[in-house]
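Student: Pasting a structure here, questions to come.
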Amino acid sequence: MPAMEGRLISIEGPDGAGKSTLALGLRNELAARGIEVILTREPGDGPVGPQIRQVLLEGADIDQWTEVFLFLADRRQHVEGLIRPALEKGKWVVCDRYLDSTIVYQGYGRDLDVGLLRKLNKIATSGLMPDRTLLIDMPVEKALARIGVADLFGDGGAKRNRHDRLDREPVEFHRRVRDGFLAEARLDPARFAVLDGDQEPAKVLEQAIASLTAS
Ligand code: TYD
């Protein structure tokens, strides 16, 4: 296999934490510094991604392990069809969600076996780990309010239908997700940088750049 010169940067965090805004800002900032960078996301940006994304996020309720295998199938195609080839060409890849989302949403959130999920992730990615993971952390209530999951605050769920299947999980689920991300970050402090999402987007971007240039 040719040597990889590119860097894989994943962005993680609970729904509503501002990942997509950071991903876009980071892409622009890196490009302005002359780095060839690709912005991509999971689920959905791999070669079979759009179809898998639709089943996962818009479909009816599905079995928990079916959900895992769909996220993993999407990831496998994403890694082999897009991420690895880009890294091999020396490009940087900024990925909005990657393997930690499965550990945290399906493991901590749905209470599936985290050890097993780690093994499955390894198969799905052939062991391709991010060089750096930017975790945007913020209080669950604030993050959900940002994306308008306001029934938690007593509007009777009027805005709920605009959201995907995962967004509509109860607040306890989102709390487990937040705590899960923080627990994973503590397990691997060399890879994770925890960013405070409860501030202006420009500040979050600044923190992200600082953590990349420090590495
Ligand atoms: P998306 O619309 O991309 O949400 P967000 O903007 O919050 O990233 O939907 C992704 C949803 O899928 C999100 O709720 C997290 C969830 N997810 C998992 O549960 N497991 C996974 O492995 C991945 C990649 C995402």
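Student: Using a Förster radius of 35 Å, what is the FRET efficiency between Lys119 and Ala31 based on their Cβ-Cβ separation? Nearest 0.05, please. Please list the in-between numbers first.
Tutor: Values: r = 36 Å, r/R0 = 1.03.
Given R0 = 35 Å and the Cβ-Cβ separation, E is 0.45.
Student: Determine the per residue accessible area of the range 7-214 with all protein chains present and a 1.4 angstrom probe, expressed in square angstrom. Write down the numbers at each step before the final one.
Tutor: Values: 9400 Å² over 208 residues.
Heavy-atom SASA per residue in the range 7-214 reads 45 Å².
Student: Over all alpha-carbon pairs in the range 1-116, figure out the percentage whose distance exceeds 24 Å. Show your work: numbers first, answer last.
Tutor: Working: 1923 of 6670 pairs.
Tail of the P(r) past 24 Å holds 29 percent of the pairs.
Student: Restricting to Cα pairs below 8 Å that are 6+ residues apart, what does the relative contact order work out to for the range 26-151? Please round to a whole percent. Provide the component values of the computation, followed by the final result.
Tutor: Working: 111 pairs, mean separation 32.9, N = 126.
Computed value for the range 26-151: 26 percent relative contact order.
Student: Pick out the long, greasy-scoring helices in the chain: whole DSSP H runs spanning 15 Å or more along their own axis by Cα, mean Kyte-Doolittle at least 0.5. Walk me through the numbers on the way to the answer.
Tutor: On the way: long enough: 19-32 (19 Å, 0.24); 64-78 (21 Å, -0.57); 114-125 (16 Å, 0.42); 171-187 (24 Å, -0.41); 201-213 (18 Å, 0.59).
The answer, listed by residue number, is 201-213.
Student: Let me have the relative contact order for the chain, percent, based on Cα pairs under 8 Å that are six or more residues apart.
Tutor: Working: 325 pairs, mean separation 65.0, N = 215.
Computed value for the chain: 30 percent relative contact order.
Student: Also, quick follow-up: How much accessible surface area, in Å² rounded to 10, belongs to the heavy atoms of Arg76 with a 1.4 Å probe?
Tutor: The accessible area of Arg76 comes to roughly 90 Å².
Student: Now for a separate question. Ranking request for peptides 202-213, 90-101: highest mean number of other beta-carbon atoms within 10 Å first, then the rest in descending order.
Tutor: 90-101, 202-213
Student: Straight-line reach only, C-alpha to C-alpha below 29 angstrom: list the lysines that Lys119 could link to, leaving out same-chain residues fewer than 8 apart.
Tutor: Filter leaves Lys19, Lys89, Lys91.
Student: How big is the charge dipole of the chain about its Cα centre, in debye rounded to the nearest 20, if each Lys and Arg gets +1 on its Cβ and each Asp and Glu gets -1 on its Cβ? The partial results should precede the final answer.
Tutor: Values: 30 positive and 34 negative charges, 86 e Å.
Charge dipole, the chain, about its Cα centre: 420 debye, nearest 20.
Student: Just to be sure I follow: if Rg is taken over the C-alpha atoms of the range 7-214 and Rh is the Kirkwood radius over the same atoms, what is Rg/Rh?
Tutor: Working: Rg = 16.4 Å, Rh = 17.4 Å.
Using Cα coordinates only, the ratio equals 0.95.
Student: Of all the accessible heavy-atom surface of the chain, with the other protein chains kept in place and a 1.4 Å probe, what percent is carbon and sulfur?
Tutor: Values: 5230 of 10030 Å².
Reported share for carbon and sulfur atoms: 52 percent.
Student: Something else about it: What size of dipole, in debye to the nearest 20, comes out for the range 33-85 about its Cα centre when the only charges are +1 on Lys and Arg C-beta atoms and -1 on Asp and Glu C-beta atoms? It would help to have the intermediate numbers written out before the result.
Tutor: Numbers: 6 positive and 9 negative charges, 65 e Å.
Taking the Cα centre of the range 33-85 as origin, the dipole is about 320 debye.
The values are calculated or read from the model by the stated rules, or taken from the named source; none is laboratory data. None of the values given here were measured: they were computed from a predicted structure. Backbone-built Cβ (ideal geometry, glycine too); neighbour counts: all protein chains shown. We work out accessible area using only protein heavy atoms, side chains counted, and drop any ligands, DNA or RNA first. Shrake-Rupley method; radii C 1.70, N 1.55, O 1.52, S 1.80 Å.
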